[in-house]
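Some notes on the structure that comes next.
The values are calculated or read from the model by the stated rules, or taken from the named source; none is laboratory data. On a predicted model such as this, the values are computed, not experimentally measured, just so you know. Cβ sites come from the backbone with ideal geometry, for glycine too, and all protein chains shown count toward neighbours. Heads up: the accessible areas ignore ligands, DNA and RNA and are worked out on the full protein's heavy atoms, side chains in. Shrake-Rupley method; radii C 1.70, N 1.55, O 1.52, S 1.80 Å.
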Amino acid sequence: MVVLSDFPPLDVIPVGAGHGPPEKRSDPDDVQSMVRFLLYGNDLEIEGLVASSATLANVARRRNVLDILDLYDQVDDDLRRHDPRYPTADMLRSVTWEGRSGTYGKPVGELVGEGKDSEASGAIIRLVDRPDPRPVWFCVWGGSCDLAQAIWKVRATRSPAELARFLDKLRVYAIARQDGSTQWLLDSFPGLFVILSERNYMGMFWDMPGSDRKLADLAWLDEHIRSGHGPLGAIYPKSGANLRSEGVIEGDSPSFLHLAGGVHGRNDPERPDQAGWGGRFVRPDSSRNHWFDAPAGGETVWRWRAEVQEDFARRADWMRSSRGPRAKGAGS
């Protein structure tokens, strides 16, 4: 699997604060999601981390992702004491790629075509071309333009049969439509497996109506993630873009929880109509392999909150160094 994230600097200033330099003002929810995501590195085969355009400066910066991997590097030995399948930080650094800058919110004509390749789009082609029959899942937290450019390049340089084989290996779970390339993928490739979440993902928000807020508010985070769980837990932001709403936001997390839930036997990721940690989806047009939010929306995600948060807390406990003190009350 590959994550494409509009990942901000670790000292990100929530855009709702209304101040700060553009290169630091953004939505911290990608940092929240990345902390959780890295704790699933034992169950998910991470093949790529793409830094796409982020912050008000609209800049794709590989260094931002590398900075959080430096924190992961300080806890990954502890994680491997619980499961040796956790990847090393060096391995993850080796598959961290930079996308194009200046793409957020742009129309597809400015995103895809001749001269619009990036380090990330080239790496995506090489990854999918590997002689491995398994599909590659792309979890799109930011814009999908680097993936779209890879597909455009294959279509422009290969035969229709080769393009079909390439597309057949792709699975896309996109959070919202953050640039014009998402609609282009839907319009241009009816057979491409695409899950598009435009409401379901909000079920991760701690204060979603109907959900158990105490399982995802700031007090829960301070006890189970942010305090006494090493530098990776400590970097977990208090809020998303809205400073007044402190707690789990993680709007991007359903994209990989759809897969993690599959690992835990909750759903078959190839069947988005099944209920699972990443939500449930419907296919309104049987001639297209495109899946959209089920009518229940965010409820299809927050209904799993107790189970999902329990698993998050359990994994975060693995980050505690065997040499360090146990945080008072944590894990209780």
Where a label projected 7 Å from the Cα of Asp11 along Cα→Cβ would reach, residues of segment 54-95 with amide N under 18 Å
55-57, 61-71
Those lysines that a straight Cα-Cα span of less than 16 Å connects to Lys214, excepting residues fewer than 8 apart in one chain:
Lys238
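Give the residue list of GluC sites (Glu not before Pro) in segment 1-94 that are DSSP loop and have at most 14 other beta-carbon atoms within 10 angstrom.
Those that pass, being in a loop and sparsely packed, are Glu45.
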For Asp76, Asp67, give me the order by solvent-accessible area with a 1.4 Å probe, most accessible first, ignoring ligands, DNA and RNA.
Asp67, Asp76
Run the reach check for Lys106 against lysines, Cα to Cα strictly under 22 Å, same-chain hits fewer than 8 apart removed. What comes back?
Lys24, Lys116, Lys153
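Can you send over the carbon and sulfur percentage of the accessible area for segment 1-47, probe radius 1.4 Å, protein chains only?
50
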Pop the C-beta distance of Val95 and Asp285 into the FRET formula with R0 = 35 Å and round what comes out to the nearest 0.05.
0.50
Can you give the log10 of the normalised intensity I(q)/I(0) at q = 0.13, 0.16, 0.20, 0.33 Å⁻¹, computed with Debye over equal Cα scatterers of segment 210-255?
-0.29, -0.43, -0.67, -1.20
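Grab the alpha carbons of segment 263-308, take their convex hull, and tell me the volume per residue in Å³.
About 60 Å³ per residue, rounded to a whole number.
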Check: the chain dipole with +1 on Lys, Arg Cβ and -1 on Asp, Glu Cβ, in debye
160
Apply the Karplus parameterisation 6.51 cos²θ - 1.76 cosθ + 1.60, with θ equal to phi minus 60°, to every residue of segment 186-193 and state each ³J(HN,Hα) to the nearest whole Hz, in sequence, with x for glycine and proline.
5, 6, 8, 9, x, x, 6, 6
What's the FRET efficiency of Val263 with Asp77 using the Cβ-Cβ distance as r and R₀ = 25 Å, to the nearest 0.05?
0.65
Under 5 Å between amide hydrogens, which residues at least 5 positions from Phe138 or on another chain qualify, with H placed 1.01 Å from N in the peptide plane?
Val2, Arg171, Val172, Tyr173
Convex hull (Cα only) mean projected area of the chain, reported in nm² to one decimal
16.2
Diffing segment 71-83: the Karplus 3J(HN,Hα) column from phi (6.51, -1.76, 1.60, θ = phi - 60°), in whole Hz with x for Gly and Pro, holds 6, 4, 4, 7, 10, 5, 5, 5, 4, 6, 5, 9, 7
For segment 152-238, projected area of the alpha-carbon convex hull averaged over all directions, nm²:
8.7
